[in-house]
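Q: Below you'll find the structure I mean.
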Amino acid sequence: MPDSHDDLPIPLYSAAQVRELDARLIAAGTPGFELMQRAGHAAWRALRRRWPDAGALTVLAGRGNNAGDGYLVAALAKRAGWLARVLAVCNPAQLQGDAAKACDEARQAGVEIQPWRECARLEGVLVDALLGTGLSGEVREPYAQAIRQLNASGLPVMAVDIPSGLSADTGRALGVAVRAELTVTFIGLKLGLLTGDAPDCVGALAFADLQADPQIVAGLPAEAVRLAAGNVARLAPRPRSAHKGRYGHLLVVGGDRGLGGAALLSAESALRSGAGLVSLATRSEHVPAALARRAEVMSVGVSSANQLLALMERVDVLVVGPGLGQAAWGRSLLSAAARGARAQIWDADALNLLSVGAASVPANTVLTPHPGEAARLLGCDISAVQADRPAAVRALARKYAAVAILKGAGSLIADPDGRLAVCDHGHPAMAGAGLGDVLAGLVGGLLAQGLPPFEAACLAVWLHARAGERLAVQGRGLAAGDLFPVVRQLLEEHAPCLN
Ligand SMILES: NC(=O)C1=CN([C@@H]2O[C@H](COP(=O)(O)OP(=O)(O)OC[C@H]3O[C@@H](n4cnc5c(N)ncnc54)[C@H](OP(=O)(O)O)[C@@H]3O)[C@@H](O)[C@H]2O)[C@H](O)CC1
Ligand SMILES: [K+]
């Protein structure tokens, strides 16, 4: 396994699962202290790679095995001729088992071990070995104060296994969390390193498998998978005899008065992602502009549910919601769509109307809420959604018996059978108008080409996030429509159209 956070489909574990992995490896004959020594070496290697000339480090150590890792990093640094100090947040005499052994190793190497004080002098690279997967509940004092001091120091920070204060299961900062430049995590990638507050805390992520027996690791079911080129679905190459009838007919329903652009963005996104035919059912006043902008989209003015039902006869996939509004027009069209037997994507106002019981979700639907919409759908507040994003997206999938995409930092995809995927690509510049419309159209376009709902949702989220990332790092302001050519290019790279 590479020790860098490469674009690989790595399984994601909960804290309990990683502890179980630890126990299985030890039961299979690898002593716990051996694992800790490997962790110490992996962390020290990653630190030296990133800060080769630092020459000094200060470890902030707690009282569990996470601290043990930190003591061993200090011992290795000292032996390499670096200045190495450990500031112990709790009395080292309280250390037990492997952590106590690690502390002895640091002492024998000549590491200076002092009690941590708020006024303690910090120098060199700071090593966060306060809390790891043993964190439970909001961070207590004096750990919280140590974390605040570390974050305020302005010095480079490496987190051991997980930034202290970050929940390994949910990615939420439990009161306060370390903001690291680099996190070195061991044996199993934790789900909480990729979603929620993690993008603000983890920094660059390095992964070290500690030479764990792959068979033992594979023997433990993972909590989720990280989406990567290696595990997102691929569209089948197209035969030279391909014709548009083979790639689905998608209908976008939306665009109430003043909201026509959202629906058109979705339609164009579906078109650009390869759907065979794309229609747009919208307010009549938007039709001339839609035809002018995208003649390839068959735009039709609709004003009644019956008109929509007639259109639905001819299509394979529906995208309902972009610019739908929540007035009578949008309500009547959503109630018609809900009677459809086709695969559907419910986005934006379709979700808001769903949350007030204006319609019920048909089978084969993909829901694409952002955290606010998810909170309304679950009848809770947004802080509860963000407090445990994996639980929230799973609850949505179960409640509506649908595939659910929970957008936001570290987008999550769940299906009613319990599958869970995380996409840790993306960029803050993507928090803008229209990006959701483009994603909804992209999911629809992939469904129209025959991908099952969960696979279509995962591939769409991954393409959308990668495209946004590629554009944002070019330093350009990001308009939603800018994604179209980049998504197309990524699709071609990932799943070439021709053999
Ligand atoms: N399998 C692996 O991946 C390996 C992991 N290693 C390292 O081990 C840690 C996990 O070590 P563990 O001892 O289980 O737990 P921690 O070190 O994370 O922390 C336990 C101590 O933290 C205190 N604690 C817990 N919650 C809080 C809180 N909210 N506020 C303050 N303090 C808290 C807890 O105190 P209690 O009073 O609650 O007991 C414990 O003292 C893992 O992350 C890796 O770094 C191995 O080294 C290598 C293999
Ligand atoms: K830590």
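The values are calculated or read from the model by the stated rules, or taken from the named source; none is laboratory data. These numbers come from a predicted model, not from an experiment. A quick note on method: Cβ atoms are made from the backbone with ideal geometry, for glycine too, and the neighbour counts reach across all protein chains shown.
Q: Across the range 76-121, what is the total count of residues that are assigned to a loop (DSSP other than H, G, I, E, B) and under 21 Å from ARG45 (Cα atoms)? Break it down stepwise before answering.
A: The first filter runs over the range 76-121 and keeps only residues assigned to a loop (DSSP other than H, G, I, E, B), leaving 80-82, 89-91, 95-96, 109-111, 116-121.
From what's left, under 21 Å from ARG45 (Cα atoms): 80-82, 109-111.
Number of matching residues: 6.
Q: Residues of the range 343-364 being over 21 Å from the mean Cα position of the chain (by Cα) and assigned to a strand (DSSP E or B), which ones?
A: ALA343, GLN344
Q: Given the criterion in a helix (DSSP H, G or I) and within 16 Å of ligand 2 (Cβ to nearest atom), identify the matching residue among ARG49, ARG19, ARG38, ARG24.
A: ARG19
Q: Give LEU220, LEU194, LEU182, LEU174 a once-over and let me know the one that is under 16 Å from the mean Cα position of the chain (by Cα) and hydrophobic (A, V, I, L, M, F, W, C).
A: Residue meeting the stated conditions: LEU194.
Q: Still on this structure, please answer the following. Among the residues of the range 430-452, is there at least one that is modelled with pLDDT under 90, buried (at least 17 other Cβ atoms within 10 Å of the Cβ) and under 17 Å from the mean Cα position of the chain (by Cα)?
A: Yes, the range 430-452 has at least one match.
Let's see how each residue does on (1) assigned by TED's automatic domain parsing to the domain that holds GLY64; (2) out of contact with any strand residue (DSSP E or B) (no Cβ under 6 Å at 6 or more places or on another chain); (3) charged (D, E, K, R):
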{"position": "LYS78", "(1), (2), (3)": "yes, no, yes"}
{"position": "GLN94", "(1), (2), (3)": "yes, yes, no"}
{"position": "GLU112", "(1), (2), (3)": "yes, no, yes"}
{"position": "TRP116", "(1), (2), (3)": "yes, no, no"}
{"position": "LEU122", "(1), (2), (3)": "yes, no, no"}
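Q: Would you point out which residue out of LEU396, LEU354, LEU378 is modelled with pLDDT of 95 or more and closer than 18 Å to PRO453 by Cα? Quick ask: steps written out before the conclusion?
A: Values: LEU354 fails: closer than 18 Å to PRO453 by Cα; LEU378 fails: closer than 18 Å to PRO453 by Cα.
Of the residues listed, the single one that is modelled with pLDDT of 95 or more and closer than 18 Å to PRO453 by Cα is LEU396.
Q: Continuing with the same structure: Just to be sure before I move on: is GLN96 closer than 20 Å to ARG140 by Cβ, away from ligand 2 (no atom under 16 Å from the Cβ), at pLDDT 95 or above and not charged (D, E, K, R) in the structure I sent?
A: Spelling it out, GLN96 is indeed closer than 20 Å to ARG140 by Cβ, away from ligand 2 (no atom under 16 Å from the Cβ), at pLDDT 95 or above and not charged (D, E, K, R).
Q: Search the range 154-166 for residues being out of contact with any Ser or Thr (no Cβ under 9 Å at 6 or more places or on another chain) and in a loop (DSSP other than H, G, I, E, B), and hand back the single one that is farthest from ligand 2 (Cβ to nearest atom).
A: Across the range 154-166, the extreme among qualifying residues is GLY154.
Q: A further question on this structure: Of the numbered conditions (1) over 19 Å from ALA421 (Cβ atoms); (2) within 13 Å of ligand 2 (Cβ to nearest atom); (3) surrounded by 22 or more Cβ atoms within 10 Å (Cβ to Cβ), GLY203 satisfies every one except a single condition; which is it?
A: Failing condition for GLY203: (3).
Q: Ok, one more. Look through the range 122-151, keep the residues that are part of a loop (DSSP other than H, G, I, E, B) and more than 24 Å from the chain's Cα centre (by Cα), and return whichever of them is farthest from ligand 2 (Cβ to nearest atom).
A: Here is the first cut: in the range 122-151, the residues part of a loop (DSSP other than H, G, I, E, B) are 122-124, 130-142.
Next, from what is left, pick out any that are more than 24 Å from the chain's Cα centre (by Cα): 122-124, 130, 140-142.
Details: LEU122: 16, GLU123: 19, GLY124: 17, LEU130: 6, ARG140: 15, GLU141: 17, PRO142: 15 Å.
Selected residue: GLU123.
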